[in-house]
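Structure first, commentary second.
The values are calculated or read from the model by the stated rules, or taken from the named source; none is laboratory data. On a predicted model such as this, the values are computed, not experimentally measured, just so you know. For neighbour counting, all protein chains shown are included, and Cβ atoms are generated from backbone atoms with ideal geometry for every residue, glycine included. Surface areas here come from the heavy atoms of the whole protein model, side chains and all, with no ligands, DNA or RNA. Shrake-Rupley method; radii C 1.70, N 1.55, O 1.52, S 1.80 Å.
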Amino acid sequence: MENLIIRLDVDDRAQLADLADASGRAPEDVAREAVQRYLRDERARVGAEAARLAQRHDALLKRLGQ
């Protein structure tokens, strides 16, 4: 696993620390889980948009592929 430094302002850092403390986890674990959730959701959103655009422009894509 590689390291990544994310700079947070004081308020965000305090909220992260509070949430981690309240859930009995390390702040790094809470942040990692949030990043993983964001990536999963964005990947699904972008994939759905790509599928929608491909379907909408199916005829054009077929012509360009010839």
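Residues that are small (Gly, Ala, Ser), free of Cβ contacts under 8 Å to residues at least 60 places away in the same chain and surrounded by 10 or more Cβ atoms within 10 Å (Cβ to Cβ) occur in segment 24-32; there is at least one. The set of residues in segment 37-66 that are surrounded by fewer than 10 Cβ atoms within 10 Å (Cβ to Cβ) and basic (Lys, Arg) comprises LYS62, ARG63. The condition of being in contact with a Pro (Cβ under 8 Å, 6 or more places away or on another chain) and among the aliphatic types (A, V, I, L, M) holds for only one of LEU61, LEU8, LEU4, LEU16, that being LEU16.
The number of residues in segment 1-23 being of a type outside the set (A, V, I, L, M, F, W, C), open to solvent by 100 Å² or more (accessible area, probe 1.4 Å) and not in a helix (DSSP H, G or I) comes to 3.
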